[in-house]
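Below is one structure, written out as structure tokens, with a few remarks after it.
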Amino acid sequence: MDKILVGLKRVVDYNVRVRVRSDGSGVETDGVKMSINPFDEIALEEALRIRDRGDASEVIVVSIGSSDAQQQLRTGLAMGADRAILVESAESVDPLTVARVFMSLIERETADLVLLGKQAIDGDNSQTGQMLAALWGRPQATFASKLDIEGSTATVTREIDSGLEIVEVDLPAVVTVDLRMNEPRYVKLPDIMKAKKKPLDMLALNELNVEQAAAIREVRFEPPSEREKGVIVDDVASLVTALKDKGLL
Amino acid sequence: MSKVLIVAEHADGKANPSTAKCVACAAGIPEAEIHVVVLSDNSEAVANEIATLSSVSKVIRVDRPDNENQLAAVLAPQVAAMAEGYTHIFGPSTTFGRDLMPRIAALLGVNQVSDIMEVLGSHSFKRPVYAGNAIATVEAPTGLVVVATVRAASYRAVSSDAGAPVESVDTAADIPDHSRFIELQAGSSDRPDLQTAATVVSGGRALGSAENFDLIYKLADALGAGVGASRAAVDAGYVPNELQVGQTGKIIAPELYIAIGISGAIQHLTGIKDAGTIVAINKDGEAPIFEVADIGLVGDLFAIVPELQEAVS
Ligand SMILES: Cc1cc2nc3c(=O)[nH]c(=O)nc-3n(C[C@H](O)[C@H](O)[C@H](O)COP(=O)(O)OP(=O)(O)OC[C@H]3O[C@@H](n4cnc5c(N)ncnc54)[C@H](O)[C@@H]3O)c2cc1C
Ligand SMILES: Nc1ncnc2c1ncn2[C@@H]1O[C@H](COP(=O)(O)O)[C@@H](O)[C@H]1O
């Protein structure tokens, strides 16, 4: 296999307790730690392992977003990606347009495999990979926890509601990864130094011949409704009584 | 007027309960006419079952051998081919719907509204973002078809006391052969299904081993409950992946949820926000699970759970 493209989205770190701004215009991002979307880190780890086994020649990390996403791409390069592409856009970009950007990069780079996260933990959309596969007219293997590549086919284990589904897809294909696929490596200091010299191409979204899709507009944000304060009981007997009082036993 | 097409989820000749919940969501769209499409290798039983759902005005059967394994790449072009005339195309936000619906959306050239939890108008919806830490009000572009997934836990199934006509159609779609189903490894269990059970008992990392997880199964059996788990318990191999509750597992809304030895990470809590009553059993009185629990009991699960099982048996 030739090249693998990996999507790296810059998102609010998963440890941050996200708060809605008081004016409802969005969530608080000032001074908040930003990271690579956790699923994307796993996608990258998998791509690196495939390359290091000799099953791919090059791993290219791609982010679509603000110029700050260079940080996440540099981290991806430090993990071991060969090069990075940032498609810059000041505004956030909707999933279908992101999929179109990937499509145009696939055409430029002739990639054989695109590894994405199963969802970005900001919008929780879980749609970009499936859309890309549709635009490309190629297979999709979503929510993957295991990926084996042999020649021009991939055997993928998918985590679905009823258990584990195993599918076989012809390459090129899009695979979206779930958390149990692997344990991403830690970045070491010398790797960070080396990553500074690796190529990071910056493109403007409007330089690519990509038509912007009509976004689903987010007009207002509110905090989730809070549950009423509960009670602490002392022992099993009181727990059973409390459940009986609620008609639950 | 709106015309909604719902893609049914089904297995083994039965409709998945999420289908009737999608109908409930679609029924919230003003003046909606609701059709349900069943794509299958043999859809007769499922179609007849769905025809009884109230608010459904037509069930459409699309039978072909390729549909046996419900692969998104196979189903999406068939749904896209019949999209004309519909203002909305809905599916459940189960793994089936999350896999399929975005592929349909892209074929139709639109973005998807993921996880509708409330309908505000024909093009206006509420949906959770940031693992449910924020609720966004979103507007889909008017003049374009709205493709969406429905967060099943936010809806109650419509009743099944009606009788809609059932019609068979052929779709003229090119079916790819680049994707092949190999097998499904499903744990078989006689316990109530996690996604629909009235009571769910879940265990976390604190159980410590697959053998100890038996405590959870026994309590669940005494209560006639479904069984769930935290991601840590699944990662550690105590239970299979399909038991995971949370942001990346199942979103559930049982009447009673009992969390045992689970700390209550935000990604876990996302999965149980709509539960009726939450009970937490944890030895750490400061664990975040107690912030959402209606009834908390602080103590060692290895002492409490057998006692509780005894008390409810
Ligand atoms: C992107 C992302 C997605 C995720 N999605 C999910 C998801 O869908 N679902 C999910 O669950 N997690 C998810 N997680 C993981 C989540 O962040 C937590 O790591 C996980 O939920 C912790 O599981 P736990 O509560 O079982 O373990 P811990 O956090 O280790 O908690 C164990 C608890 O057991 C208690 N305990 C220990 N011994 C005893 C005893 N003898 N008796 C009583 N109590 C005891 C401890 O006090 C502690 O509170 C996700 C994480 C990420 C980054
Ligand atoms: N702006 C982006 N830049 C890079 N990758 C992205 C971007 N948006 C989405 N992706 C990829 O698509 C996956 C699914 O995102 P989503 O459909 O938004 O949940 C993510 O895990 C990323 O791998």
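A few notes on this one:
- Flag for B:Ala45 being out of contact with any strand residue (DSSP E or B) (no Cβ under 7 Å at 6 or more places or on another chain) and farther than 28 Å from A:Ser126 by Cα: yes
- On inspection, B:Tyr238 qualifies as modelled with pLDDT of 95 or more and within 16 Å of ligand 1 (Cβ to nearest atom).
- Residue under evaluation B:Ser159, criteria (1) in the same structural domain as B:Gly28 (by TED's automatic domain parsing); (2) open to solvent by less than 40 Å² (accessible area, probe 1.4 Å), criterion not met: (2)
- Criterion violated by A:Leu77 - all others in (1) closer than 24 Å to A:Ala215 by Cβ; (2) part of a helix (DSSP H, G or I); (3) open to solvent by less than 10 Å² (accessible area, probe 1.4 Å) satisfied: (1)
- The range A:114-125, residues that are out of contact with any Asp or Glu (no Cβ under 9 Å at 6 or more places or on another chain) and part of a strand (DSSP E or B): A:Val114
- Hits in the range B:286-307 - residues which are among the acidic types (Asp, Glu) and open to solvent by 40 Å² or more (accessible area, probe 1.4 Å): B:Glu286, B:Glu291, B:Asp300, B:Glu307
- Single condition B:Lys283 does not satisfy, out of (1) among the basic types (Lys, Arg); (2) more than 29 Å from A:Phe143 (Cβ to Cβ); (3) open to solvent by less than 50 Å² (accessible area, probe 1.4 Å): (3)
- For the range B:266-280, filtering for residues that are in contact with a strand residue (DSSP E or B) (Cβ under 7 Å, 6 or more places away or on another chain) and either more than 8 Å from every other protein chain (Cβ to nearest Cβ) or surrounded by fewer than 19 Cβ atoms within 10 Å (Cβ to Cβ) (or both) leaves 6.
- Hey, B:Pro165 away from ligand 1 (no atom under 16 Å from the Cβ) and more than 13 Å from chain A (Cβ to nearest Cβ) or not: yes
- No other residue among A:Val59, A:Val12, A:Val98 is surrounded by fewer than 22 Cβ atoms within 10 Å (Cβ to Cβ) and modelled with pLDDT of 95 or more apart from A:Val12.
- Residue count, the range B:300-313 (criterion: at pLDDT 95 or above and more than 8 Å from chain A (Cβ to nearest Cβ)): 8
- Boolean, A:Ala47 is more than 16 Å from ligand 1 (Cβ to nearest atom) and in a helix (DSSP H, G or I): yes
- Subset of the range A:136-189 that is part of a loop (DSSP other than H, G, I, E, B) and among the polar types (S, T, N, Q) - its residue that is most open to solvent (accessible area, probe 1.4 Å): A:Ser152
- B:Ser263 being near ligand 1 (Cβ under 9 Å from one of its atoms), of a type in the set (Ser, Thr, Tyr), away from chain A (no Cβ under 11 Å) and within 20 Å of A:Asp124 (Cβ to Cβ): no
- Where helices (runs of 4 or more DSSP H) fall wholly inside the range B:210-313, the ranges with 1 or more residues that are touching a residue at least 60 places away in the same chain (Cβ under 8 Å) are B:214-223, B:266-269, B:301-312.
- Wholly within the range B:120-178, strands (runs of 3 or more DSSP E) carrying at least 2 residues that are charged (D, E, K, R): B:124-129
- Any chance A:Ala242 is modelled with pLDDT of 95 or more, facing chain B (nearest Cβ under 7 Å) and open to solvent by 30 Å² or more (accessible area, probe 1.4 Å): no
- Every condition in (1) under 27 Å from B:Arg61 (Cα atoms); (2) within 16 Å of ligand 1 (Cβ to nearest atom); (3) modelled with pLDDT of 95 or more; (4) not polar (S, T, N, Q) is met by B:Ala153 except one, and the failing one is (3).
- Considering the conditions (1) at positive phi; (2) open to solvent by 70 Å² or more (accessible area, probe 1.4 Å), B:Ala172 is excluded by exactly one of them, (1).
For (1) part of a strand (DSSP E or B); (2) surrounded by fewer than 24 Cβ atoms within 10 Å (Cβ to Cβ); (3) touching a strand residue (DSSP E or B) at 6+ places or on another chain (Cβ under 7 Å), each residue gets a yes or a no:
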| site | (1), (2), (3) |
| --- | --- |
| B:Val36 | yes, no, yes |
| B:Thr52 | no, yes, no |
| B:Val59 | yes, no, yes |
| B:Gly85 | no, yes, yes |
| B:Phe90 | yes, no, yes |
| B:Met101 | no, no, yes |
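- Among (1) in contact with a Lys or Arg (Cβ under 7 Å, 6 or more places away or on another chain); (2) open to solvent by 50 Å² or more (accessible area, probe 1.4 Å); (3) at pLDDT below 95 - the single one A:Asp68 does not satisfy: (3)
- Candidates are the residues of the range A:29-49 that are away from ligand 2 (no atom under 16 Å from the Cβ) and at pLDDT 95 or above; the one that is least open to solvent (accessible area, probe 1.4 Å) is A:Val32.
- Summed over the range A:211-239, the residues that are surrounded by fewer than 16 Cβ atoms within 10 Å (Cβ to Cβ) and touching a Leu at 6+ places or on another chain (Cβ under 9 Å) give a count of 5.
- The listed residue being in contact with a helix residue (DSSP H, G or I) (Cβ under 6 Å, 6 or more places away or on another chain), away from chain B (no Cβ under 14 Å) and near ligand 2 (Cβ under 10 Å from one of its atoms), out of A:Ser66, A:Ser89: A:Ser89
- Qualifying residue in the range A:36-43 (condition: in a strand (DSSP E or B), among the polar types (S, T, N, Q), within 16 Å of ligand 1 (Cβ to nearest atom) and within 14 Å of another protein chain (Cβ to nearest Cβ)): no
The values are calculated or read from the model by the stated rules, or taken from the named source; none is laboratory data. Worth saying up front: this structure is predicted, and the values here are computed from it rather than measured. Neighbour counts run over all protein chains shown; Cβ positions are idealised from the backbone, glycine included. The area values use the complete protein model at the heavy-atom level, side chains included, leaving out ligands, DNA and RNA. Shrake-Rupley method; radii C 1.70, N 1.55, O 1.52, S 1.80 Å.
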